[in-house]
Every structure is written in structure tokens, then in C-alpha cells.
Amino acid sequence: MQYWVSTLVTIFVIYAIISIVLYYVQDYVLFKPEKLPEDFQFDYENQETKEYNLETRDGAIINGLRFFPKGESKGVVIYLKGNSKSIKGWGKFAVDFTRHGYNVLMVDYRGFGKSTGKRSQKAIKRDLQLVYNKVKEKTTEDRIILYGRSLGSGFAAKLASMNNPKKLILDAPYYSLTKVTGRYMPFMPLSILLKYPLPTYKWLKYVQCPIHIIHGTHDKLIPYKSSVKLSQVNAKLTKLYTVIGGGHKNLNNFESYHKMLDDILNKEPKTIDLETTSINVIHSAKKTKKKA
């Protein structure tokens, strides 16, 4: 009897230690920021840009970059990126929207690029609402499109639920971050431990604009079925776009992805010049270019 009690106590102690370690290291696991020096100069071929620094109420600085289209603007796409690097690299994807006549605003989350401040789910949501409010000062909401990529999809859904943008586009979104991490740690109390539960499905219930979800069938990080479930949350306003064979980081390398964006952004389909898109941009050195 004493042996079993001792064993159970040992298991409990180990479980508690793992839980504590998980709680404190999750920021390092979830976020892969690239820091940029304050004097770093953004430079993109054939792209006109303007840099912004927005101070938050707690003294943090949120750094952003605006990309301008050629000709008259149709509106603004607020692009919320994934969990890695900085807008230095993510800026290469702005062409997929400027080519359609949209301004693109990309911002770095706290601790990424030139942005500063202590990171938390609440702080990031507050920062992004501040960014949205600043954009709203320059244009009307019926000209604002929210685009959330991977990690940014949850924050984009939250913003859309609290505001009235023209459209919400989710690229490789998760049902909730708790669900994603639960696939790798099924026995951990993640609903308690996670600092960033990001329940996208809860926020989508309150979105009142058209919702467009794009996901690849071969996504091994965030399964395609998560988007299928999300498409059913607010079904009347949602359309699901499937990139056959698409993974998590390479949707832009598929011709079908760019056709989907054309369908979402334009009233009438246009002939796509793929050379003006990000189709040749490789998000990861391990990925190879594919077309479908």
C-alpha cells in the first residue's frame, strides 16, 4: 500500500513540475520573434511603404508598415501575421493585396521587430484594437478588411467580433489554440495553463461581416478539419476555400490560392499575372514551390 502511495505522490510531483515548466516556457515555444534594430530600414522592390510607430497606454511601441497600391485605393487590409520572424519578411506578402488596389498595414506584435512591451493575450488584443481605431480615423469601416494568418487568425477574429469591417479573411486558422496544443499534450490541463487560449470559434459567433476561410488539406500543424469546424460556427456568413495539397506555410505557392484571393477581393474575376504575386516567395527553406 505504501508503495502505491509513494508512486502516486511521485507521479503527481512530476506532473506538477511539468505543468509549472510548461506555464513559464510557453511564450518561448509559441512565439519565434525576430528583433530588429531601431535604425533598421525596410526596403521592398517596387513597393512604396511608410513606417509607423504607435505608443500604447502602457508605454509600449507598436511598429507597423504600410504598403501602398499603384493607383486609387479600394481600402485597407490589416494583415495580422503568424508567430515567427518580423514584418521585415512578412512584408513580401503585401503584393497579394496591393496588386488588387488595397493598402496593406502590417504590424509586429510586442517583442517582434521594432515593437516593444510585455506580451500577453490581453495586451496584444488591446494593441490591435488601437491599431484598428487609428485606421478607422483615416477611412470608413466598410473599406477595412481583416486578414489573419495562422496565429494572427484568432486575433483577426476577435477584432472582427468587436468591430464592423467589410470582410474577415482567415488563412490556416485554428479552432482554438488550446485545441492545437492539445494534440501534442493531451494529458495536460491546457485550459488552465495556457496564457494564450485564443478561442477563435467563440469570437466568430459575433462576427457580422462576410467570413472567408482558406486552408490547405495537407496542413500538419493546424489540421484542415479545424477550418471545417470553424466554417460551421457562423455558417450563413462563412465560405470555406480549400487549397488541395496545401500545407501550413506554402499556400502562397499555389496558383489556386491567388485565384481564391481574387474571388474574395474583386467583384469580377480578373486575369492573374502570377509574377505580380507572392507565388515564388518561399516561407521556409525546407519547403519547395508547388502549383495547383
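With 0.36 nm allotted per residue and the present C-alpha distance subtracted, the Arg57-Val281 stretch has 77.0 nm of extension available.
The order of Lys236, Lys88 by accessible area, most exposed first and with a 1.4 Å probe, is Lys236, Lys88. Amide H contacts of Val243 (H built 1.01 Å from N, in plane; Pro and chain starts excluded): His215, Gly216, Thr217 sit under 5 Å, all sequence-distant by 5 or more or on other chains. When the pairs Lys32/Lys138; Lys202/Lys259; Lys134/Lys167 are compared against a 27 Å limit on Cα-Cα distance, Lys32/Lys138; Lys202/Lys259 fall above it.
The stretch between Asp27 and Leu130 holds 34.8 nm of extra length on full extension. This uses 0.36 nm per residue minus the Cα-Cα distance. Listed values for the stretch 108-116 are Karplus-derived 3J(HN,Hα) couplings in whole Hz (6.51 cos²θ - 1.76 cosθ + 1.60, θ = phi - 60°), namely 8, 5, 3, x, 9, x, 9, 6, 10, and x replaces Gly and Pro. The distance between label points at His218 and Lys195 comes to 3.5 nm (points 7 Å beyond Cα on the Cα→Cβ vector). Segment Glu255..Asp273, full-extension length gain: 5.5 nm, with 0.36 nm per residue of separation and the alpha-carbon distance subtracted. Residue order by solvent-accessible surface for Met162, Met106, Met260 is Met162, Met260, Met106, largest first, with ligands and nucleic acids left out and a 1.4 Å probe. For Ser176, the shell of other residues with beta-carbons less than 11 Å away shows a net charge of +3, using +1 for Lys and Arg and -1 for Asp and Glu. Computed on the Cα atoms alone, the convex hull of the stretch 203-292 gives a volume of 104 cubic angstrom per residue.
Its residue count N fixes a reference of 2.2 N^0.38 Å for the stretch 48-201, and the Cα radius of gyration divided by that reference is 1.04.
In the assembled protein chains, Leu265 presents an accessible area of approximately 10 Å² (probe radius 1.4 Å).
The values are calculated or read from the model by the stated rules, or taken from the named source; none is laboratory data. Note that this is a predicted model, so its numbers are computed, not measured. Methodologically, a virtual Cβ is constructed for each residue, glycine included, from the backbone with ideal geometry; neighbour enumeration extends over all protein chains shown. The protein model used for the area step is the full one, side chains on, heavy atoms only, and it has no ligands, DNA or RNA in it. Shrake-Rupley method; radii C 1.70, N 1.55, O 1.52, S 1.80 Å.
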